[in-house]
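Below is one structure, written out as structure tokens, with a few remarks after it.
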Amino acid sequence: MGCRALGNHNRNLLVLGIGNFMCGDDGIGSIIANDLITELSCPNVDVIDGGTIGLGLLYLMAEYSDIIIIDSVDCGVEPGKIMKFRIEDLDSLSPGAKISFHQSGVFDLLHNSSLIGSLPDRVAVMGIQIKATAFSAGLSPELKDRFPELKKQIIEEISNYFN
């Protein structure tokens, strides 16, 4: 996918995949990030597979004006359901609420970024409901079926940053 440059050259977007591809559905963020790394050619857009580094990614926050995080979520809905959260949605949740399989890592990352003044202007979390997170490579059939749709929605979200 090719993209035109962001209208404001002072803005740059990070697409950050989170997950462990050796833990079943938990790897969805990393898997999609690796696909996008080879397919996207967009000025002002970087795609990074953040794996399970968590707070080790904090240094990246100051480098970007906008961020899209791709992660597995566990909201107790049907496996494969795609969800999008804005930073405002995440702020309204109680600290004990379980949304993402990596929730503490994502929340800690965003919270600490905010504390040090490096939280990007716009933050979106694109997630998909997991079915299984056992030690196994590969996604469940439900997530494999929804993979193209999730990827399409992420590409659309990236495109929104260009309008």
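The values are calculated or read from the model by the stated rules, or taken from the named source; none is laboratory data. All values reported here derive from a predicted model rather than from experimental measurement. In this analysis, Cβ positions are derived from the backbone assuming ideal geometry, glycine residues included, and neighbour counts consider all displayed protein chains.
Could you tell me which residue of region 17-35 is surrounded by the fewest Cβ atoms within 10 Å (Cβ to Cβ), considering only residues that are touching a helix residue (DSSP H, G or I) at 6+ places or on another chain (Cβ under 7 Å) and in contact (Cβ under 8 Å) with a residue 40 or more places away in the chain?
Asp35
Residues of region 1-28 being among the aliphatic types (A, V, I, L, M) and at pLDDT 90 or above, which ones?
Result: Leu13, Leu14, Val15, Leu16, Ile18, Ile28.
Across region 101-154, which residue is surrounded by the most Cβ atoms within 10 Å (Cβ to Cβ) among those that are among the β-branched types (Val, Ile, Thr) and more than 15 Å from Ser30 (Cα to Cα)?
My answer is Val123.
Can you name the residue in region 80-100 that is modelled with pLDDT of 60 or more and in a loop (DSSP other than H, G, I, E, B) and, of all such residues, is surrounded by the most Cβ atoms within 10 Å (Cβ to Cβ)?
The qualifying residue surrounded by the most Cβ atoms within 10 Å (Cβ to Cβ) is Gly80.
I need every pair where a residue in region 125-137 that is under 22 Å from Phe107 (Cα atoms) and in contact (Cβ under 8 Å) with a residue 40 or more places away in the chain has its Cβ under 8 Å from the Cβ of a residue that is β-branched (Val, Ile, Thr) and assigned to a loop (DSSP other than H, G, I, E, B), sequence separation at least 6 or different chains.
Close Cβ pairs satisfying both conditions: Gly127/Ile99; Gln129/Val77.
Could you list all residues from region 46-62 that are surrounded by 15 or more Cβ atoms within 10 Å (Cβ to Cβ) and within 13 Å of Pro120 (Cβ to Cβ)?
Residues satisfying the conditions are Asp46, Leu57, Leu58, Leu60, Met61.
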